[in-house]
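Peer 1: Dropping the structure in here first, questions after.
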Amino acid sequence: MGIFNFKFGGKKSASVVGIDIGVSSIKVVQLRKRKGVAVLETYGEIALGPYSDIKLGVGQSTNLPAVKIAEAVTDLIREANVTTTRAGISIPFSSSLVSLISLPALDKSKLASMIPLEARKYIPVPISEVMLDWFIVPGEEKQTPVSSPEAKEGKKTPPAGAAKRIEVLLVAIHNSTLNKYNEIVQATKLDVGFFEIEIFSTIRAVIEQSVTPVMVLDMGSANTKLYIVEYGVVKASHVISSGGQDITQTLSKSLSISVSKAEELKRDFGVSDAGLNKDADTINSKEIISSGLDRIFNEASKVLMQYQKKHNKNISNVILTGGGATLKGILPLAKNHFEVEVSMSNPFTKVESPAFFEKVLKEIGPEFAVAVGLALRQLQEEG
């Protein structure tokens, strides 16, 4: 069923598990705290395709009911030897709304009354149909472009008569989504401390403290999500309607091979020349995969440049994460599309694990960013 896992031994202590429920697979990461350090105990992944009524293959997107997802979660917990029920679970970015809005600087009680009214401008359904949350973004010194007159004179002058305003991060999740996830929790008998939109789990796992904006490119099966993060806060987001599944489908059609064979080619060779043989399919597959990735990177690059121009700020780094980021040879290809540094995420650097497993964890790390981020939050909340 597409499961792989590994369990590390050691003395038992209070453990937590992060459960990343995606559209093509579920990932789990179990951590415990030892002397103030997060220690990796086990991890695993299971494909959701086999749980679909039409028996989709590995890497194929699904839309399963709660009962089927609960079945897959239960199977994965057993196969990955997860020993705790204390968990945090991710909610897909596509099932949520995250907006950064600007409001007058008022006290919190007045903001609490104003925000539900303002939220109606950004949420396309009645407020009564969503769970709404928000927090004030801490103020930071605004970056002034080095080419501006103010910067050259060594001063920053606010516009005359400008009213003081604050930024508020608005988050909404539809009640039907929460109901579905509560059904999963009840069926699996997990002790879930929180649900978290995947974007925040990813940020916790892959971004270090930075005073300059960074772009996170989360390459999933159904689509590619990008987030621009500054001071730990999501300043912009964008969804590219192309993901790993689209590349697999194009491979299948172009080479007249099965979807499962196309997925196998994509995973085995990616866009790397290493191990590429003279077989026509493998030679052509590199070109087809590269073309699909080019479209994704070109759109992401445009979003990056638009953000820089609009806000007069330079993005310092693009971080690749998600299952699509594990394709062989993808990093050099990505670097050709961006004029800034491009790096691969490795969330397992935030946890302790055996040194001999470092190479494997680095290779699979981008896929497990959300699960690691969830488990880290659960550890923090439990002290």
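Peer 1: Looking at Asn182, Asn175, which is the one that is out of contact with any Leu (no Cβ under 6 Å at 6 or more places or on another chain), modelled with pLDDT of 50 or more, surrounded by 11 or more Cβ atoms within 10 Å (Cβ to Cβ) and more than 30 Å from Ala14 (Cβ to Cβ)?
Peer 2: The match here is Asn175.
Peer 1: Oh, and also: What are the residues in segment 257-280 that are modelled with pLDDT under 90, not hydroxyl-bearing (Ser, Thr, Tyr) and not in a helix (DSSP H, G or I), if any?
Peer 2: Hits for segment 257-280 are Asp273, Ala274, Gly275, Leu276, Asn277, Lys278, Asp279.
Peer 1: Confirm whether Glu198 is closer than 24 Å to Ile315 by Cα and under 13 Å from the mean Cα position of the chain (by Cα).
Peer 2: yes
Peer 1: Answer yes or no: is there a residue in segment 213-230 that is buried (at least 22 other Cβ atoms within 10 Å of the Cβ) and assigned to a helix (DSSP H, G or I).
Peer 2: No, segment 213-230 contains no residue that is buried (at least 22 other Cβ atoms within 10 Å of the Cβ) and assigned to a helix (DSSP H, G or I).
Peer 1: If you don't mind, there's one more thing I want to ask. Here are Phe348, Phe297, Phe357: which of them is of a type in the set (Phe, Trp, Tyr) and at pLDDT below 95?
Peer 2: After ruling out the rest, the residue left standing is Phe357.
Peer 1: Of everything in segment 123-137, what is buried (at least 18 other Cβ atoms within 10 Å of the Cβ) and within 16 Å of Ser113 (Cα to Cα)? Give them in sequence order.
Peer 2: Listed by number, the list holds a single entry, Trp134.
Peer 1: Looking at Ala334, Ala355, which is the one that is small (Gly, Ala, Ser) and either within 18 Å of Gly270 (Cβ to Cβ) or within 22 Å of the chain's Cα centre (by Cα) (or both)?
Peer 2: Ala334
Peer 1: Have a look at Val146, Val168 and point out the one that is part of a loop (DSSP other than H, G, I, E, B), modelled with pLDDT under 95 and of a type in the set (Val, Ile, Thr).
Peer 2: So the residue among Val146, Val168 that is part of a loop (DSSP other than H, G, I, E, B), modelled with pLDDT under 95 and of a type in the set (Val, Ile, Thr) is Val146.
Peer 1: So which residues in segment 365-383 are surrounded by fewer than 24 Cβ atoms within 10 Å (Cβ to Cβ) and not polar (S, T, N, Q), if there are any at all?
Peer 2: Hits for segment 365-383 are Gly365, Leu376, Arg377, Leu379, Glu381, Glu382, Gly383.
Peer 1: Report yes if some residue within segment 17-35 is in contact with a Pro (Cβ under 6 Å, 6 or more places away or on another chain) and modelled with pLDDT under 90; otherwise report no.
Peer 2: no
Peer 1: Ok, one more. Assuming Ile283 fulfils every condition listed in (1) modelled with pLDDT under 95; (2) in a helix (DSSP H, G or I); (3) in contact with a helix residue (DSSP H, G or I) (Cβ under 8 Å, 6 or more places away or on another chain) apart from one, which condition is it?
Peer 2: Result: Ile283 fails condition (3) only.
Peer 1: To continue, here is another question. Any idea which of Ala151, Ala87 is at pLDDT 90 or above and aliphatic (A, V, I, L, M)?
Peer 2: Only one candidate passes the filter, namely Ala87.
Peer 1: Checking Val318 against (1) surrounded by fewer than 20 Cβ atoms within 10 Å (Cβ to Cβ); (2) not in a helix (DSSP H, G or I), which single condition isn't satisfied?
Peer 2: (1)
Peer 1: If a residue has to be closer than 18 Å to Leu361 by Cβ and either among the small types (Gly, Ala, Ser) or surrounded by fewer than 16 Cβ atoms within 10 Å (Cβ to Cβ) (or both) to count, how many in segment 16-68 make the cut?
Peer 2: Final tally of qualifying residues: 6.
Peer 1: If I ask for residues that are among the hydrophobic types (A, V, I, L, M, F, W, C) and farther than 24 Å from Asn298 by Cβ, which ones from segment 332-369 would you list?
Peer 2: Phe348, Val351, Ala355, Phe356, Phe357, Val360, Leu361, Ile364, Phe368
The values are calculated or read from the model by the stated rules, or taken from the named source; none is laboratory data. Quick caveat: nothing in here was measured; it's all calculated off a predicted structure. Backbone-built Cβ (ideal geometry, glycine too); neighbour counts: all protein chains shown.
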